[in-house]
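In what follows, a structure is listed as C-alpha coordinates, so that the remarks can point back to it.
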Amino acid sequence: MQYSNSISTLSRESLETKFKPLLKFFTDGIKDLYWAEKAIEPVLKKNKSLALTDELADALEDHEIQTQKHVLRLEKIFQKLNIKPETKKCEAAAGIIKEADEIIGATPEKSMTRDAVIIIAMQKMEHYEIASYGGLLQIALTFNMNQVADLLEKTLNEEEDADLHLTDIAESYINLEAAEESNTESTGKDNDEQANADKKLRSEKAQA
Ligand SMILES: [Fe+2]
Ligand SMILES: [Fe+2]
(Lines give C-alpha, C1' and ligand atoms only; values in the text may rest on other atoms or scores of the structure.)
(Ligands and ions follow the chains in the order given, each with its own letter.)
Protein backbone atom coordinates (compact mmCIF):
# COMPACT_ATOMS: atom_id res chain seq x y z
CA MET A 1 0.00 0.00 0.00
CA GLN A 2 1.18 3.52 -0.82
CA TYR A 3 1.37 5.75 2.23
CA SER A 4 0.74 9.43 1.78
CA ASN A 5 3.44 11.70 3.13
CA SER A 6 1.47 14.87 2.59
CA ILE A 7 1.58 15.68 6.29
CA SER A 8 5.21 14.75 6.94
CA THR A 9 6.60 18.07 5.76
CA LEU A 10 4.43 20.05 8.15
CA SER A 11 5.89 21.08 11.47
CA ARG A 12 4.39 19.48 14.57
CA GLU A 13 2.97 22.85 15.56
CA SER A 14 1.17 23.41 12.28
CA LEU A 15 -0.02 19.79 12.25
CA GLU A 16 -1.64 20.23 15.65
CA THR A 17 -3.12 23.58 14.70
CA LYS A 18 -4.45 22.44 11.35
CA PHE A 19 -5.54 18.89 12.14
CA LYS A 20 -6.53 18.77 15.76
CA PRO A 21 -10.26 18.47 15.03
CA LEU A 22 -9.58 15.59 12.64
CA LEU A 23 -7.33 13.87 15.17
CA LYS A 24 -10.09 14.24 17.76
CA PHE A 25 -12.57 12.76 15.28
CA PHE A 26 -10.11 9.91 14.65
CA THR A 27 -9.65 9.03 18.32
CA ASP A 28 -13.41 9.31 18.92
CA GLY A 29 -13.90 6.96 15.96
CA ILE A 30 -11.53 4.41 17.52
CA LYS A 31 -13.45 4.65 20.84
CA ASP A 32 -16.69 4.24 18.92
CA LEU A 33 -15.40 1.08 17.20
CA TYR A 34 -14.10 -0.22 20.54
CA TRP A 35 -17.66 0.04 21.91
CA ALA A 36 -19.11 -1.53 18.76
CA GLU A 37 -16.72 -4.51 18.64
CA LYS A 38 -17.39 -5.30 22.31
CA ALA A 39 -21.15 -5.08 21.69
CA ILE A 40 -21.03 -7.22 18.53
CA GLU A 41 -19.29 -10.22 20.10
CA PRO A 42 -22.29 -11.38 22.22
CA VAL A 43 -24.62 -10.70 19.26
CA LEU A 44 -22.59 -13.08 17.08
CA LYS A 45 -22.67 -15.69 19.84
CA LYS A 46 -26.44 -15.34 20.26
CA ASN A 47 -27.16 -15.50 16.53
CA LYS A 48 -24.92 -18.54 16.18
CA SER A 49 -27.20 -20.34 18.65
CA LEU A 50 -30.27 -19.23 16.66
CA ALA A 51 -28.94 -20.40 13.27
CA LEU A 52 -30.45 -23.49 11.67
CA THR A 53 -27.62 -24.36 9.29
CA ASP A 54 -24.13 -25.43 10.30
CA GLU A 55 -22.63 -23.19 7.59
CA LEU A 56 -24.09 -20.05 9.11
CA ALA A 57 -23.34 -21.13 12.69
CA ASP A 58 -19.70 -21.82 11.71
CA ALA A 59 -19.37 -18.49 9.89
CA LEU A 60 -20.71 -16.62 12.93
CA GLU A 61 -18.40 -18.55 15.26
CA ASP A 62 -15.37 -17.78 13.06
CA HIS A 63 -16.25 -14.11 13.01
CA GLU A 64 -16.82 -14.09 16.77
CA ILE A 65 -13.21 -15.28 17.19
CA GLN A 66 -12.05 -12.60 14.73
CA THR A 67 -14.05 -9.99 16.62
CA GLN A 68 -12.12 -10.82 19.80
CA LYS A 69 -8.96 -10.08 17.79
CA HIS A 70 -10.47 -6.82 16.56
CA VAL A 71 -10.94 -5.71 20.17
CA LEU A 72 -7.28 -6.54 20.93
CA ARG A 73 -6.11 -4.66 17.81
CA LEU A 74 -8.03 -1.57 18.89
CA GLU A 75 -6.33 -1.84 22.30
CA LYS A 76 -2.96 -1.89 20.49
CA ILE A 77 -4.04 1.21 18.57
CA PHE A 78 -4.90 3.01 21.83
CA GLN A 79 -1.42 2.07 23.04
CA LYS A 80 0.21 3.47 19.91
CA LEU A 81 -1.84 6.66 20.20
CA ASN A 82 -0.73 6.85 23.81
CA ILE A 83 -4.26 7.07 25.14
CA LYS A 84 -6.07 4.81 27.56
CA PRO A 85 -8.58 2.36 26.01
CA GLU A 86 -12.03 3.83 26.38
CA THR A 87 -15.41 3.06 24.81
CA LYS A 88 -17.76 5.68 23.37
CA LYS A 89 -21.26 4.43 22.69
CA CYS A 90 -21.75 4.02 18.96
CA GLU A 91 -25.36 4.96 18.21
CA ALA A 92 -25.14 3.49 14.69
CA ALA A 93 -23.99 0.06 15.92
CA ALA A 94 -26.52 0.16 18.78
CA GLY A 95 -29.27 0.82 16.23
CA ILE A 96 -28.13 -2.04 13.98
CA ILE A 97 -28.02 -4.41 16.98
CA LYS A 98 -31.52 -3.35 18.11
CA GLU A 99 -32.90 -3.77 14.62
CA ALA A 100 -31.21 -7.18 14.29
CA ASP A 101 -32.99 -8.38 17.43
CA GLU A 102 -36.32 -7.16 16.10
CA ILE A 103 -36.10 -8.58 12.57
CA ILE A 104 -34.62 -11.92 13.65
CA GLY A 105 -37.19 -12.21 16.46
CA ALA A 106 -39.99 -11.78 13.90
CA THR A 107 -38.94 -14.93 11.99
CA PRO A 108 -39.96 -18.53 12.80
CA GLU A 109 -37.48 -20.36 15.04
CA LYS A 110 -34.98 -22.73 13.39
CA SER A 111 -36.05 -21.82 9.87
CA MET A 112 -34.22 -20.98 6.65
CA THR A 113 -36.01 -17.63 6.75
CA ARG A 114 -34.40 -16.92 10.11
CA ASP A 115 -30.97 -17.82 8.69
CA ALA A 116 -31.55 -15.53 5.68
CA VAL A 117 -32.52 -12.67 8.01
CA ILE A 118 -29.60 -13.31 10.39
CA ILE A 119 -27.27 -13.01 7.39
CA ILE A 120 -28.72 -9.65 6.34
CA ALA A 121 -28.72 -8.34 9.91
CA MET A 122 -25.06 -9.33 10.35
CA GLN A 123 -24.10 -7.91 6.96
CA LYS A 124 -25.52 -4.53 8.00
CA MET A 125 -23.09 -4.68 10.90
CA GLU A 126 -20.20 -5.69 8.62
CA HIS A 127 -20.96 -2.75 6.33
CA TYR A 128 -20.94 -0.36 9.28
CA GLU A 129 -17.54 -1.78 10.31
CA ILE A 130 -16.17 -1.67 6.76
CA ALA A 131 -17.15 2.01 6.41
CA SER A 132 -15.69 2.87 9.83
CA TYR A 133 -12.41 0.96 9.49
CA GLY A 134 -12.02 2.09 5.86
CA GLY A 135 -12.53 5.76 6.71
CA LEU A 136 -10.29 5.70 9.78
CA LEU A 137 -7.61 3.84 7.81
CA GLN A 138 -7.51 6.67 5.28
CA ILE A 139 -7.19 9.26 8.06
CA ALA A 140 -4.38 7.23 9.70
CA LEU A 141 -2.56 7.18 6.34
CA THR A 142 -3.05 10.91 5.93
CA PHE A 143 -1.35 11.46 9.29
CA ASN A 144 1.39 8.95 8.40
CA MET A 145 0.43 6.75 11.35
CA ASN A 146 1.60 3.71 9.45
CA GLN A 147 1.56 1.15 12.27
CA VAL A 148 -1.95 2.20 13.25
CA ALA A 149 -2.95 2.03 9.58
CA ASP A 150 -1.60 -1.53 9.32
CA LEU A 151 -3.71 -2.65 12.30
CA LEU A 152 -6.83 -0.99 10.88
CA GLU A 153 -6.22 -2.55 7.48
CA LYS A 154 -5.90 -6.08 8.91
CA THR A 155 -9.29 -5.76 10.57
CA LEU A 156 -10.83 -4.10 7.51
CA ASN A 157 -9.76 -7.09 5.37
CA GLU A 158 -11.35 -9.52 7.82
CA GLU A 159 -14.60 -7.54 7.89
CA GLU A 160 -14.72 -7.56 4.07
CA ASP A 161 -14.02 -11.30 3.96
CA ALA A 162 -16.74 -11.97 6.56
CA ASP A 163 -19.23 -9.96 4.50
CA LEU A 164 -18.38 -11.82 1.28
CA HIS A 165 -18.59 -15.17 3.06
CA LEU A 166 -22.09 -14.33 4.33
CA THR A 167 -23.14 -13.38 0.78
CA ASP A 168 -21.82 -16.73 -0.49
CA ILE A 169 -23.77 -18.66 2.13
CA ALA A 170 -26.98 -16.75 1.39
CA GLU A 171 -26.65 -17.24 -2.34
CA SER A 172 -25.60 -20.90 -2.22
CA TYR A 173 -28.93 -22.20 -0.91
CA ILE A 174 -30.27 -20.42 2.16
CA ASN A 175 -32.21 -17.69 0.30
CA LEU A 176 -33.64 -20.21 -2.17
CA GLU A 177 -34.80 -22.56 0.55
CA ALA A 178 -36.14 -19.66 2.62
CA ALA A 179 -38.18 -18.53 -0.38
CA GLU A 180 -39.86 -21.96 -0.50
CA GLU A 181 -40.56 -22.09 3.21
CA SER A 182 -43.99 -21.91 4.82
CA ASN A 183 -44.59 -20.23 8.15
CA THR A 184 -45.43 -23.09 10.51
CA GLU A 185 -45.75 -20.78 13.51
CA SER A 186 -48.41 -18.49 12.07
CA THR A 187 -52.15 -18.36 12.76
CA GLY A 188 -54.70 -20.39 10.77
CA LYS A 189 -55.53 -17.36 8.62
CA ASP A 190 -51.82 -16.79 7.95
CA ASN A 191 -51.44 -20.50 7.06
CA ASP A 192 -54.23 -20.23 4.46
CA GLU A 193 -52.65 -17.12 3.00
CA GLN A 194 -49.23 -18.78 2.97
CA ALA A 195 -50.63 -21.95 1.37
CA ASN A 196 -52.24 -19.84 -1.38
CA ALA A 197 -49.01 -17.91 -1.89
CA ASP A 198 -47.02 -21.18 -2.09
CA LYS A 199 -49.53 -22.59 -4.58
CA LYS A 200 -49.30 -19.45 -6.74
CA LEU A 201 -45.49 -19.58 -6.64
CA ARG A 202 -45.48 -23.25 -7.68
CA SER A 203 -47.88 -22.66 -10.58
CA GLU A 204 -45.82 -19.64 -11.75
CA LYS A 205 -42.69 -21.81 -11.67
CA ALA A 206 -44.45 -24.59 -13.58
CA GLN A 207 -45.49 -22.10 -16.29
CA ALA A 208 -42.01 -20.58 -16.55
FE1 LIG B 1 -14.98 -6.40 13.82
FE1 LIG C 1 -17.35 -7.73 11.78
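In terms of Cα atoms, the Rg and Dmax of the range 116-164 work out to 12.2, 41 Å. Each residue, L23 and Y173, gets one label point 7 Å from its Cα in the Cβ direction; the gap between the two is 5.5 nm. Sites listed here are GluC sites (Glu not before Pro) in the range 97-160 whose DSSP assignment is loop and whose Cβ has at most 15 other Cβ atoms within 10 Å: E109. For trypsin sites (Lys or Arg not before Pro), the sites in the range 41-105 that DSSP calls loop and that have at most 15 other Cβ atoms within 10 Å are K88, K89. Per residue, the accessible area of the range 74-129 comes to 51 Å² when a 1.4 Å probe rolls over the protein heavy atoms. Per-residue 3J(HN,Hα) values for the range 127-142, derived from phi via the Karplus relation 6.51 cos²θ - 1.76 cosθ + 1.60 with θ = phi - 60°, read 5, 4, 5, 4, 5, 5, 5, x, x, 5, 4, 5, 5, 4, 5, 4 Hz in sequence order (x marks Gly and Pro).
Direction-averaged projected area, Cα convex hull, the range 17-143: 7.8 nm², rounded to one decimal. For the set T142, T107, the ranking by accessible area, highest first and with no ligand, DNA or RNA atoms included, is T142, T107 under a 1.4 Å probe. Residues S111, S182, ordered by accessible area of protein heavy atoms at a 1.4 angstrom probe radius and largest first, appear as S182, S111. Is there a pair in K46/K84; K84/K124; K46/K110 whose C-alpha atoms are over 25 Å apart, and which pairs would that be? The pairs that break the limit, which is 25 Å between Cα atoms, are K46/K84; K84/K124.
The values are calculated or read from the model by the stated rules, or taken from the named source; none is laboratory data. Keep in mind that this is a model prediction, so the values were computed, not measured. Positions of Cβ are generated from backbone atoms using ideal geometry, with glycine treated the same way; all protein chains shown enter the neighbour counts. We work out accessible area using only protein heavy atoms, side chains counted, and drop any ligands, DNA or RNA first. Shrake-Rupley method; radii C 1.70, N 1.55, O 1.52, S 1.80 Å.
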